[in-house]
Amino acid sequence: MKKIFAFVLLLLGSIAVMAQSNDTLYWHFVEVDPDIVHGTLNVRPTGEVQTGTRVRVSAVPDPNYVLESITVYNIQVPEETVELVDDHFVMPDFDVIVTASFVDDLPVIVGDIVAPAAICAGESLSLTPPHVQNASEQGWLLCSDTFFQMAIPYTGQPLEVSYDGWKLCYWASNGSSRVLSNIVTIRVTSFINPSDLNTIVAKKHNGKDYILIYPNPKDTYRYQWYKDGQKIAGANGQYYYPKEGLADGEYQVYLSFNADAQGQLFCGAFSAVYAVRNSKEMFSIYPNPSSISEVVTVNNESEQEAMLSIFGLEGKLLYSQQVGSGMNELSIRLPQGLYFCHFSDASGNHTVQKLVVQ
């Protein structure tokens with residue numbers, strides 16, 4: 001009887017050892033990544049978990065962040081991952097770590113506001129809003145200093161403003177956070193006074209003709225000369241004096257106070273057209289030199305009347321007279337000196353000749 005009892009005890013002990021061995025094989029650890037940022041990861045259960053058990057996983061992002069991904073991987077072989085189904089995974093036959101990645105969900109303004117260097121007086125600046133992502137609200141902000149105090153709701157319309165010196169930006173919000181675009185300054189500048197344009201006068205230097213806007217406008221003016229409606233590269237002074245001489249064509253100068261970052265002038269005005277034609281022999285005046293009281297003869301070979309204008313060296317208009325086609329005798333009383341005779345007709349024929357009075 002004692003032998004039978006001893007055998008039973010031995011058999012029960014063997015079964016207990018086998019059960020313990022089996023338990024060791026089917027229990028593994030579940031750990032949570034301690035370095036998760038911008039959110040909280042909840043895993044139940046953790047620690048020792050039996051193989052085949054459902055492990056629940058949930059994630060709570062911090063404000064302005066969203067969950068990007070949850071990953072369950074083998075602690076010994078990180079490239080080996082466990083499939084996550086909805087809100088759980090099935091405990092595998094190895095130890096695992098559960099981790100999560102959170103990304104910010106702040107509004108995004110794509111691109112900068114692009115505004116001109118200035119707008120002209122009486123005009124409105126019309127700007128299209130930039131593209132916005134992750135925003136439930138958006139609009140324009142205006143301010144007269146560094147504090148943005150005037151909000152303009154965005155309803156799909158471009159912004160139209162004409163506040164000189166005010167700052168402008170665009171904002172976007174997701175309800176809890178707001179971001180701003182770049183800041184631009186609105187400049188409103190005045191047009192030049194058309195009376196300051198005066199007129200273009202032709203003169204000679206070293207035997208070659210050149211033209212200038214006269215009298216000299218303000219030092220703050222900027223210039224751009226045009227020929228036949230096309231901008232002349234580099235011709236941005238008060239006068240235009242090409243080394244090869246003036247070619248036939250129609251000339252204008254554009255004057256302005258303002259230029260953008262590329263040097264383009266704006267808020268200015270064009271002068272009247274000055275035409276240069278191959279017609280220097282159509283007009284002449286003689287005798288030349290002449291005396292103070294001498295009658296001079298003007299030969300106008302044009303088929304139409306022309307205007308004779310005589311300027312002093314300082315550019316002041318001293319005499320003007322319509323001259324008919326053919327010979328015209330004129331009594332012109334001028335002090336001794338050097339003068340410039342400017343002839344022009346309705347067809348745009350021009351010529352300039354020196355007149356010396358002795």
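The values are calculated or read from the model by the stated rules, or taken from the named source; none is laboratory data. What you see is a predicted model; the values in this text were computed from it and never measured. When we count neighbours, we look across all protein chains shown, and the Cβ atoms used for this are built from the backbone with ideal geometry, even at glycine.
Values computed for the structure shown
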item: Unmet requirement for A233, which otherwise passes all of (1) in contact with a strand residue (DSSP E or B) (Cβ under 9 Å, 6 or more places away or on another chain); (2) modelled with pLDDT of 85 or more; result: (1)
item: Evaluation of G237 against (1) in contact (Cβ under 8 Å) with a residue 40 or more places away in the chain; (2) not in a strand (DSSP E or B) (one fails), failing number; result: (1)
item: Which numbered condition V114 fails, given (1) in contact with a strand residue (DSSP E or B) (Cβ under 9 Å, 6 or more places away or on another chain); (2) more than 30 Å from S256 (Cα to Cα); (3) modelled with pLDDT under 85; result: (2)
item: Any strands (runs of 3 or more DSSP E) falling wholly within the stretch 93-133 and containing at least 1 residues that are touching a residue at least 24 places away in the same chain (Cβ under 8 Å) and within 30 Å of D33 (Cβ to Cβ); result: 96-104, 108-110, 131-133
item: V60 vs. criteria loosely packed, with under 15 Cβ neighbours inside 10 Å, in a strand (DSSP E or B), aliphatic (A, V, I, L, M) and assigned by TED's automatic domain parsing to the domain that holds P34; result: yes
item: Candidate set from the stretch 209-234 (those that are touching a residue at least 40 places away in the same chain (Cβ under 8 Å) and within 21 Å of F340 (Cα to Cα)); member that is surrounded by the fewest Cβ atoms within 10 Å (Cβ to Cβ); result: P215
item: Tally, over the stretch 306-333, of residues that are under 20 Å from A202 (Cα atoms) and not in a strand (DSSP E or B); result: 5
item: Subset of the stretch 312-335 (residues that are exposed (fewer than 15 other Cβ atoms within 10 Å of the Cβ), more than 19 Å from S291 (Cβ to Cβ) and in contact (Cβ under 8 Å) with a residue 40 or more places away in the chain); result: none
item: Any chance N42 is exposed (fewer than 15 other Cβ atoms within 10 Å of the Cβ) and either out of contact with any Cys (no Cβ under 6 Å at 6 or more places or on another chain) or more than 30 Å from Q138 (Cα to Cα) (or both); result: yes
item: Within the stretch 303-343, tally of residues that are within 17 Å of A275 (Cβ to Cβ) and modelled with pLDDT under 80; result: 1
item: Hey, Y254 within 15 Å of Y274 (Cα to Cα), in contact with a Gly (Cβ under 6 Å, 6 or more places away or on another chain), among the aromatic types (F, W, Y) and part of a strand (DSSP E or B) or not; result: yes
item: Only listed residue being among the acidic types (D, E) and closer than 29 Å to A117 by Cα, chosen from D248, D209, D228; result: D228
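Conditions (1) at pLDDT 75 or above; (2) touching a Phe, Trp or Tyr at 6+ places or on another chain (Cβ under 9 Å); (3) surrounded by 13 or more Cβ atoms within 10 Å (Cβ to Cβ), marked per residue:
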{"residue": "M150", "(1), (2), (3)": "no, yes, yes"}
{"residue": "Q157", "(1), (2), (3)": "no, no, no"}
{"residue": "E160", "(1), (2), (3)": "no, no, no"}
{"residue": "G175", "(1), (2), (3)": "yes, no, no"}
